[in-house]
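Working notes for the structure below.
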Amino acid sequence: MRKPVFAGNWKMFKTPTEAAGFLHDFAPLVASSNRSEIVICPPFIAVPIAVDAARGSNIAIGAQDVFWLKEGAYTGEVSATMLAAAGCSWVIVGHSERRQYFGETDESVFKKTVAALDAGLTPIVCVGERLEEREAGMTENVLSTQFAGGLAGLTPDQFAKIVMAYEPVWAIGTGRTATPEIAGEAHRFLRDQVRSRFGDQTCQSCRILYGGSVKPDNIKGLMAQPDLDGALVGGASLDPAALAAIVNF
Ligand code: PGA
């Protein structure tokens, strides 16, 4: 059985004070939910206060990005070791906004994933096609290329520790969720990629989250897809009640 994961990606929202307030309100709403793992990914600056506010709860804290080296003259970057020392246990890698606006490539996704694993973090590695790629019938091509460049180079032991997220770019922040069938099809395709590279056992245990306009009213249909193991939630994760409704779907 694969334990579902619900991860909130706050993107560039919430100050440290707002992060603490969110956790204060959110924690009681999910306190009795033990069938899933729950992760909140605030901006770097709010990580320490979020870690404090989540202590003793069933909520883990993650970061939204990481650099692949341990330390050095890399202005503005944060290493996986630093994130782990600050109390993070998860990190999002290769989000489409990082790819689109900040030059993230499959190669950097791979290096960041390895660095995260070396520091004991669980990376949530994102893949997904853009609208024009879907419309051109390129979805499977894009997914297999991102998988090959960002993930296939991991060892089986490393791969067993990661979580994947399928995030069709056209569904992110647009209110245009993939239908459960579209998501299910992409998840199946990704699971097949895992099977051919890492074998059947890893394929069965690998968790693949869906992300893109997940809301309380569409999570149930998505979770009914057999290859879909949870969600990476952007906009709806900013509201404690909405995220709790998703977790407790
Ligand atoms: P959204 O974002 O839920 O606001 O569409 C999802 C994501 O980018 O991870």
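Test SER237 against the stated conditions and say whether it is assigned to a helix (DSSP H, G or I), open to solvent by 40 Å² or more (accessible area, probe 1.4 Å) and polar (S, T, N, Q). The answer is no for SER237. What number of residues in the range 104-155 are β-branched (Val, Ile, Thr), in contact with a strand residue (DSSP E or B) (Cβ under 9 Å, 6 or more places away or on another chain) and not in a helix (DSSP H, G or I)? Looking only at that region, the number is 4. Here LEU232 qualifies as part of a strand (DSSP E or B), touching a Leu at 6+ places or on another chain (Cβ under 7 Å), open to solvent by less than 20 Å² (accessible area, probe 1.4 Å) and in contact (Cβ under 8 Å) with a residue 60 or more places away in the chain. All conditions but one from (1) buried (at least 23 other Cβ atoms within 10 Å of the Cβ); (2) under 19 Å from PRO123 (Cα atoms) apply to ASP65; the one that does not is (1). Residues that are touching a Lys or Arg at 6+ places or on another chain (Cβ under 7 Å), within 16 Å of the ligand (Cβ to nearest atom) and not aliphatic (A, V, I, L, M) within the range 179-219 comprise ARG207, SER213, listed in sequence order.
Only one of the numbered conditions (1) closer than 27 Å to GLU18 by Cβ; (2) within 16 Å of the ligand (Cβ to nearest atom) is not met by VAL109, and that is (1). Checked against the criterion of being hydrophobic (A, V, I, L, M, F, W, C), open to solvent by less than 40 Å² (accessible area, probe 1.4 Å) and within 16 Å of the ligand (Cβ to nearest atom), the candidates ILE172, ILE162 yield just one match: ILE172. Considered as a group, the residues in the range 123-142 that are touching a residue at least 40 places away in the same chain (Cβ under 8 Å) and within 16 Å of the ligand (Cβ to nearest atom) include one that is most open to solvent (accessible area, probe 1.4 Å), and that residue is ARG130. GLY72 satisfies every condition listed in (1) assigned to a loop (DSSP other than H, G, I, E, B); (2) within 16 Å of the ligand (Cβ to nearest atom); (3) among the small types (Gly, Ala, Ser) except (2). So, LYS215, is that one open to solvent by 20 Å² or more (accessible area, probe 1.4 Å) and part of a loop (DSSP other than H, G, I, E, B) or not? Taking the combined requirement at face value, the residue satisfies it.
Picking from ASP217, ASP200, which residue would you name as being over 14 Å from ILE246 (Cβ atoms) and of a type outside the set (A, V, I, L, M)?
Result of the check over ASP217, ASP200: ASP200.
Taking the criterion of being within 18 Å of the chain's Cα centre (by Cα), of a type outside the set (Phe, Trp, Tyr) and not in a loop (DSSP other than H, G, I, E, B), the residues of the range 52-68 that qualify are ILE59, ALA60, ILE61, GLY62, ALA63.
The values are calculated or read from the model by the stated rules, or taken from the named source; none is laboratory data. The shown structure was predicted, so the numbers you read here are calculated from the model rather than taken from an experiment. All Cβ positions, even for glycine, are placed from backbone atoms using ideal geometry, and neighbour counts span all protein chains on display. The protein model used for the area step is the full one, side chains on, heavy atoms only, and it has no ligands, DNA or RNA in it. Shrake-Rupley method; radii C 1.70, N 1.55, O 1.52, S 1.80 Å.
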